[in-house]
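Report on the structure given below.
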Amino acid sequence: MTHPLVSVHLLTYNHVKFIRQSIESVIAQETTFPFEVIIGDDCSTDGTSAIVDEYAARYPELVRVVRGEKNGGPQPNSIRILENCRGKYMAALEGDDYWIDPYKLQKQADFMEANPDFSICFTNTRVEFFDGEGEPYLLNGNLEKDVFELKDLIGEKEIWFMGTATLFYTMRSIFPVQPWFYKTKSGDIPMIMLAARYGEIKFLPDVTAAYRRHAAGASNTDHKDDAVFLENRIMMYTNLNRDTGYRFNALFKRNLGGWYYLLLNSRQLKDRYFKRLRTAFTYISLMYPDIPHLKEVIRDHLVPAWVMKASRWVRWKMGWIK
């Protein structure tokens, strides 16, 4: 095979209902350049493995399947795919999504070839609800601009407006993969931020992909009241702050403060006063001097519950409250 210009990074695990349409949408791409499809099958147990192997056998010059000896999770699977990509560019896709524009790769490659100062481009996405649970809509209906940089991706709350199935990177902006990437529960966010160190991000208005929302999707496994998930996000953004040279330290501090506030209210810390106490002081130090929720944090997390009860009793006895 001629050396590919683009490597399609197709991540899958137990997508038997969707994977065939996903692969077909890639094979249907019409390009003036060679591309390859690297499918990372994380040892699926539902029949997905047989389907991806079928396509690898039918299209040996186009499709390759990589897998580990056992299920390892999305990030090790993603890195395994990246290590097998040979293209100048990488186009992302997950096995439960698919492309709806046969010229998607051509449009994005044309832009990136003409604009080498950019490290990422993405397009609009149609969001679909599996089993008819809602009406489809466009993910990017009202973006105020079409060029973004790293600082645009850091906020007190998590910022996300790029459909995974439309992401198109320069491979040089992704490697080397940071060691902590293996542990993160999010692949897109850190990869985009790390890639954005090397160039701007361009939004192309074409609707080129469909993203399926369904119960087993990754976006439905994030739990904002789960300490394990929240501590993983804190680890991720702490490392991103360091690996971007602390250039946006003030923004990252506000971002981390938001995650620590959620951690304070996680179900695992509910009955752990001293862990909440440490978390509360960390939250205050990150947010100082503009500290939202300060009154609630002092009342609910810094002052022990028995002190609050005693205070209410004293005020009641003194007739200050009813």
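The values are calculated or read from the model by the stated rules, or taken from the named source; none is laboratory data. Since the structure is predicted, the reported quantities are computational estimates derived from the model, not experimental observations. Here Cβ is always computed from backbone atoms with ideal geometry, including for glycine, and neighbour counts include all displayed protein chains. What goes into the accessible areas is simple: the full protein's heavy atoms, side chains included, and nothing from ligands, DNA or RNA. Shrake-Rupley method; radii C 1.70, N 1.55, O 1.52, S 1.80 Å.
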Practice problem: State all residues of segment 225-252 that are crowded, with 17+ Cβ neighbours inside 10 Å and among the basic types (K, R); if no residue qualifies, say none. | Solution: R233
Exercise. Go through (1) more than 22 Å from Y198 (Cβ to Cβ); (2) surrounded by 20 or more Cβ atoms within 10 Å (Cβ to Cβ); (3) in contact with a helix residue (DSSP H, G or I) (Cβ under 7 Å, 6 or more places away or on another chain) and name the single condition A92 misses.
Key: (1)
Practice problem: State whether the residues of segment 205-216 include one that is farther than 19 Å from W99 by Cβ and aromatic (F, W, Y). | Solution: no
Quiz item: Inside segment 60-86, can you point out the residues that are assigned to a loop (DSSP other than H, G, I, E, B), open to solvent by 70 Å² or more (accessible area, probe 1.4 Å) and either within 25 Å of F168 (Cα to Cα) or modelled with pLDDT of 95 or more (or both)?
Solution: P60, E61, R67, R86
Quiz item: Just checking, how many residues over segment 1-53 are under 19 Å from K88 (Cα atoms), of a type in the set (A, V, I, L, M) and open to solvent by less than 10 Å² (accessible area, probe 1.4 Å)?
Solution: 7
Quiz prompt | All positions within segment 31-52 that are within 15 Å of I81 (Cα to Cα) and not in a loop (DSSP other than H, G, I, E, B) | solution = F35, E36, V37, I38, I39, G40, D41, V52
Quiz item: With (1) open to solvent by less than 30 Å² (accessible area, probe 1.4 Å); (2) under 23 Å from the mean Cα position of the chain (by Cα); (3) closer than 25 Å to S186 by Cα as the list, and A109 as the residue in question, which single condition is left unmet?
Solution: (3)
Quiz item: over 19 Å from the mean Cα position of the chain (by Cα) and aliphatic (A, V, I, L, M) - does that describe any residue in segment 174-195?
Solution: no
Quiz item: From the list E128, E156, E144, E149, which residue is modelled with pLDDT of 95 or more and charged (D, E, K, R)?
Solution: E149
Quiz item: Quick one: D131 ticks every box in (1) open to solvent by less than 80 Å² (accessible area, probe 1.4 Å); (2) more than 23 Å from the chain's Cα centre (by Cα); (3) not basic (K, R) bar one, so which box is it?
Solution: (1)
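Yes/no per residue for (1) assigned to a loop (DSSP other than H, G, I, E, B); (2) within 30 Å of G257 (Cα to Cα); (3) more than 20 Å from the chain's Cα centre (by Cα):
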position	(1), (2), (3)
E113	no, no, yes
P116	yes, no, yes
S119	no, yes, no
N124	no, no, no
E135	yes, no, yes
K145	yes, yes, yes
E158	yes, yes, no
F161	yes, yes, no
R172	no, no, no
Self-check item: The listed residue being over 25 Å from I159 (Cβ atoms), hydrophobic (A, V, I, L, M, F, W, C) and buried (at least 16 other Cβ atoms within 10 Å of the Cβ), out of L263, L256, L269, L286
Solution: L269
